[in-house]
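Report on the following structure.
The values are calculated or read from the model by the stated rules, or taken from the named source; none is laboratory data. Only a predicted model underlies this, so the values are computations on that prediction, with no experimental measurement involved. Using ideal geometry, Cβ is built from the backbone for each residue, glycine included, and neighbour counts are taken over all protein chains shown.
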Amino acid sequence: MKSDLKKIWAVLAAREKRQAIGMIILVILMAFAETIGVVSIMPFLSVLARPDIVQDNAVLTWLYNRFAFNSNQEFITALGIASIVLVVGSSAFKTITLHLVNRFTFLLRHSISARLLSGYLHQPYEFFLRYNPSELSRNVLSEIDQLHNGLIKPISQLIAQGAVALAMMLLLLFYNPWIAISAALMIGLLYGAIYVLVRKRLGNTGQARQNANGERFQACNEALGGIKDVKITHAVEAYQQKFNQSSRDFSRHQANAETLSQSPLYMVETAGYTGLIILALILMKQSNDIGQVLPVLGLYGFAAYRLLPSAQIMYRGFAQLKFSSAALDTIHQHLSLPRQENHPASTALIPQQEIRLQGIRFAYPSAPDKAVLQDFELVIPANTSVGIIGKSGAGKSTVMDLLLGLLEPQAGTLSVDGQVIDSSNIQNWQAAIGYVPQHIYLADTSIAENIAFGVPAGQIDMQAVERAARAAQIHEFIVNELPDGYQSKVGDRGIRMSGGQRQRIGIARALYRDPPVLLMDEATSALDNDTEAALNQAVNALAGQKTIVIIAHREKTLSQLESIITIFNKCI
């Protein structure tokens, strides 16, 4: 419990910590207002049960004389109205406070979610080789919701209701210490015993819920992301069954946690009702005067009415803390990941002489002892066109990722004109690169927005878009065959476009900023022969003006380039 609270506090930003302290102060004031509302019922019930108590009680006598009441009936009415005003006022203040607390917790959910996504986006590329995208999406979306609903919100309620419960107990302690201590022990022991019995099961259920949640995210993403393969291979039922099982487990664990956190309420309500009846019988036995018993019962009954829900919410908060500790561990760990420093590009690092990979050794984190590249050397003269060819697994794509600065070698360097590329200047180097991957990602936006990827819609240079589209041999298709031209939507992941059309949009994207370096990784693999030939002509037209590196399986694709390099991986 203590470690969970420390983790939650560590998750908060400095501004959020200050706001949290402000919320705690508001909650204390709310508890004070709640106490005043409860206390206000006792004078009214006292005078209502025995009007002559006005003459026996100094405070009531002073109030009666101070406001010059003419009769006990007027005084009782005034006390009733005053009690209503105080209770309504305390309830209104409580409502405002709870709104502010809820607003704080929900905005906190947004803040943590945004910071977690930002942290992921600022991780090095190798980070994404270790984690499944569905797992990261689960953390940013679903696990943050679990953190909010199962930890942040319960803790805020625990503090708020704990302050109310403490105020009620202090009030009862002031009035009758023995009864207050007995009530506190009964409620505390009952809830404590239940929590001790169920906390281990809550922890196990919380871990199982997180695993099931990850499996359902993965099943859904795989089924929808690879819908064409799913349809062709008739794998619909298999993915549906996989999702159904994990979704059912997820829902079952959620239901178990809700039951374990809510069921004690009925037991405690029964104990509270029984205790109130016993208290009434004891008071009646001690005093046969209903006028003395009624105000006491009213006070304890109203206090119990406020206290028992608070005690249940506090217990539920503890139960949810245990259930959601697995989500907290993951979020806390990932928010603590060191962020990759991104220095804004001051100017593009344009090669004037050469791009060099020297003494490169690289192995992927999943197999650190199995080097993909060992003592690898590559020199690319500036403003030349170079092709890289090799068998599958030889390391061609790894070389491309090294040139892009996405991967850092375990040994050796990437340099441009003798200047080593590192974290201080990687942004300048990448600003000079246009990159065409083998598999083009298209967002569900317009053609123009996909070509000018990452540029706000209002800032897109349409002349640059059209120039890039012409170079990629797709301009005629866009203006002649699409109903809205460059504003036509491509569908999710470009589902409305053919493979070749998606590839050409990706090539246009790489050329939008007119980069001095063009890196293409199997960029023509989805093109037909005629389109590939036309594109090769466009690439040839750029020869001598840009540094071009193209990876391909077929040597024929690279025949027009100035030089071809074959990669042999001796480590395989």
Residue pairs qualifying under the 8 Å Cβ cut-off, at least six apart or on distinct chains, with the first in the stretch 371-399 being within 12 Å of LEU519 (Cα to Cα) and the second being part of a loop (DSSP other than H, G, I, E, B) and of a type in the set (Lys, Arg), are none
In the stretch 419-442, anything hydrophobic (A, V, I, L, M, F, W, C) and in contact (Cβ under 8 Å) with a residue 12 or more places away in the chain is listed as ILE421, ILE426, TRP429, ALA431, ALA432, ILE433, VAL436, ILE440, LEU442
Among the residues of the stretch 45-56, are any under 53 Å from the mean Cα position of the chain (by Cα) and surrounded by 13 or more Cβ atoms within 10 Å (Cβ to Cβ)?
yes
Scanning the stretch 1-34 for residues that are farther than 30 Å from THR77 by Cβ and of a type in the set (Gly, Ala, Ser), the one modelled with the lowest pLDDT turns out to be SER3
Of the candidates ALA68, ALA31, ALA92, the one satisfying the condition of being among the small types (Gly, Ala, Ser) and surrounded by 17 or more Cβ atoms within 10 Å (Cβ to Cβ) is ALA31
Pairs returned, first residue in the stretch 401-416 that is at positive phi, second residue that is assigned to a helix (DSSP H, G or I) and surrounded by fewer than 20 Cβ atoms within 10 Å (Cβ to Cβ), beta-carbon separation under 8 angstrom, 6 or more apart or interchain, are GLY405/GLN430
Here, helices (runs of 4 or more DSSP H) confined to the stretch 35-105 with at least 3 residues that are touching a Phe, Trp or Tyr at 6+ places or on another chain (Cβ under 7 Å), modelled with pLDDT under 75 and not hydroxyl-bearing (Ser, Thr, Tyr) are none
Scanning the stretch 101-126 for residues that are in contact (Cβ under 8 Å) with a residue 60 or more places away in the chain and of a type outside the set (S, T, N, Q) gives VAL101, PHE104, LEU108, ILE112, ARG115, LEU116, GLY119, TYR120, HIS122, PRO124, TYR125, GLU126
Among helices (runs of 4 or more DSSP H) completely within the stretch 133-245, the ones holding 2 or more residues that are modelled with pLDDT of 75 or more and assigned by TED's automatic domain parsing to the domain that holds ILE36 are 133-138, 144-147, 177-225
In the set ALA58, ALA10, ALA20, ALA14, the lone residue that is farther than 30 Å from SER336 by Cβ and not acidic (Asp, Glu) is ALA58
